[in-house]
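The values are calculated or read from the model by the stated rules, or taken from the named source; none is laboratory data. These numbers come from a predicted model, not from an experiment. FYI the Cβ positions are ideal-geometry reconstructions off the backbone, even for glycines, and counts take in every protein chain you see. Please note that ligands, DNA and RNA were not included when accessible areas were found on the heavy atoms of the full protein model with its side chains. Shrake-Rupley method; radii C 1.70, N 1.55, O 1.52, S 1.80 Å.
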Amino acid sequence: MVSAIYPGSFDPMTNGHLDIVVRAGELFDRVTVSVYDSDSQKTLFSTQERVDMFRDAVKDLPNVQVEPFSGLVVDFAQSLGAKVIVRGLRVGYDFEYEFEMALMNRTLAPDVELVCLMSSLEYQFVHSTRVREVAQLGGDISGLVPPLVLQALKEKFRTKVT
Ligand code: ADP
């Protein structure tokens, strides 16, 4: 049995994140989406909101669960008995950061391995930051996030998001 965690801020989750977790769920016996319990001043959505939105999006995936965490990613992985950290790579954006992080994590926990999945073509350009900005300005992000997230963004900004 190989368990993996998929950590991130997910503020909010996007279809790019969902694509990664669906594919990870096909590779590993259990995947725990691990929502970083960050200072709510710094995120648009609270930790509970971010957890709830991701839980709704993966409710039909029996081997995927969603939990908040704080502290080190490797500590959370070890607390769950997870041997793998899954991350998504978008072209040109994520590689240097992930490489550096992986080396640090390996120093901290040599028994936890990083597995990066390449973002699917249609989600290469999807960033939570950009999704928040476009939603705030009333742009159409309906193809980029699940319906519940679209609704939540609409309520946050009380603006026209179609
Ligand atoms: P962080 O908190 O490090 O910014 P995020 O919460 O935005 O990370 O995302 C968590 C993980 O999902 C990261 O590995 C990130 O590279 C990946 N990711 C984000 N957006 C996409 C996307 N559109 N396609 C594939 N992977 C993505």
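Figures for the structure shown
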| read-out | value |
| --- | --- |
| Sites M101 and E122, calculated FRET efficiency, Cβ-Cβ separation with R0 22 Å, nearest 0.05 | 0.30 |
| Bins of 5 Å, starting at 0 and running to the largest distance - Cα pair percent for the chain | 2, 9, 18, 21, 22, 16, 8, 3, 1, 0 |
| Integer Hz, Karplus 6.51/-1.76/1.60 couplings in order for region 3-8, x for Gly and Pro | 9, 10, 10, 10, x, x |
| Within the chain, helix-based [θ] at 222 nm, where runs of 4 or more DSSP H residues each add -39,500 (n - 2.57), nearest 500 | -12000 deg cm²/dmol |
| Amide hydrogen neighbours beyond the local backbone of M118, cut-off 5 Å, H modeled | L89 |
| With all protein chains modelled, accessible area of I20 [1.4 Å, Å²] | 10 |
| Tilt relative to the chain, helix 95-108 - C-alpha long axis, 0 to 90 degrees, to 10 | 40 |
| Mean Cβ count within 10 Å, highest first, over the residues of peptides 8-17, 121-130, 90-99 | 8-17, 121-130, 90-99 |
| Using alpha-carbon coordinates, inclination of helix 147-157 to the longest axis of the chain, degrees | 60 |
| With all protein chains modelled, accessible area of V115 [1.4 Å, Å²] | 40 |
| Nearest 10 degrees, 0 to 90: helix 47-57 Cα axis against the chain principal axis | 90 |
| Alpha carbon centroid spacing (whole Å) that separates region 25-79 from region 109-129 | 15 |
| Normalised contact order of the chain, rounded percent, pairs of Cα under 8 Å and 6 or more residues apart | 26 |
| Heavy-atom accessible area per residue - the chain, 1.4 Å, Å² | 55 |
| Reachable lysines from K156, criterion Cα separation under 26 angstrom, eight or more residues apart if same chain | K42, K59 |
| Region 1-140, accessible surface, carbon-and-sulfur percent (1.4 angstrom probe) | 54 |
